1. At a Förster radius of 22 Å, what calculated FRET efficiency corresponds to the Cβ-Cβ distance of residue 99 and residue 19, to the nearest 0.05?
2. Report which label in (1) 15.0; (2) 14.0; (3) 14.7 holds the value of Kirkwood radius over Cα pairs in Å derived from the coordinates of this structure.
3. For residue 8 and residue 65 in the same chain, what is the full-extension length gain: residue separation times 0.36 nm, less their Cα-Cα distance, in nm?
4. Using 0.36 nm per residue, how much length does the chain from residue 30 to residue 82 gain when fully extended, once their Cα-Cα distance is taken away?
5. Over the stretch 1-77, average the accessible area per residue using a 1.4 Å probe and give it in Å², no decimals.
6. Compute the helix-to-body angle for 18-32: its Cα long axis versus the longest principal axis of the chain, expressed 0 to 90° and rounded to tens.
7. Take each of the peptides 75-82, 48-55, average the number of other beta-carbon atoms within 10 Å over its residues, and list them starting from the highest.
8. If I compute solvent accessible area with a 1.4 Å probe over the protein chains, what percent of it on the chain is carbon and sulfur?
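The values are calculated or read from the model by the stated rules, or taken from the named source; none is laboratory data. Since this is a predicted model, take the numbers as computed values, not measurements. Ideal geometry is used to build each Cβ from the backbone, glycine not excepted, and the neighbour counts take in all protein chains shown. Please note that ligands, DNA and RNA were not included when accessible areas were found on the heavy atoms of the full protein model with its side chains. Shrake-Rupley method; radii C 1.70, N 1.55, O 1.52, S 1.80 Å.
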Amino acid sequence: MAKSRNYQDFLLEQLQDHDFAVAYLNEALNESLKGDEESQKLFLMALRNVAEAQGGVGALAKKAHVGHESLYKTLSGTGNPKWHTLVSLCVAMGLNLRLT
């Protein structure tokens with residue numbers, strides 16, 4: 001009988017791969033553009049998952065020069081990040097923002 005795996009653990013393992021993380025974030029961003037409140041929270045949740053997978057929110061806060069308490073709040077379900085914060089996070093994760 002095969003062991004089952006926790007989905008969140010599996011996802012975080014997959015998100016350690018840069019290309020997978022980029023595809024995951026792009027999909028979350030596309031979904032968030034639907035405009036409803038639930039889909040708008042999706043991109044922040046995706047950013048948090050990628051941050052956790054790539055060293056944790058605390059490590060990302062240091063790299064992005066953002067306070068860790070502020071970053072936890074920003075990436076929460078009720079977060080309302082400033083544009084500068086989002087750009088800083090993306091740069092710290094080695095990501096580029098593009099519009100097509």
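1. 0.65
2. The value computed from this structure is option (2).
3. Values: separation 57, 0.36 × 57 = 20.52 nm, distance 2.69 nm.
Full-extension gain reported as 17.8 nm.
4. Additional length available on full extension: 16.8 nm.
5. Working: 5180 Å² over 77 residues.
With all protein chains present, the stretch 1-77 gives 67 Å² per residue.
6. The angle comes out at about 70 degrees.
7. Taking the mean over residues of other Cβ atoms within 10 Å, the ranking is 48-55, 75-82.
8. Carbon and sulfur atoms account for 53 percent of the accessible area of the chain.
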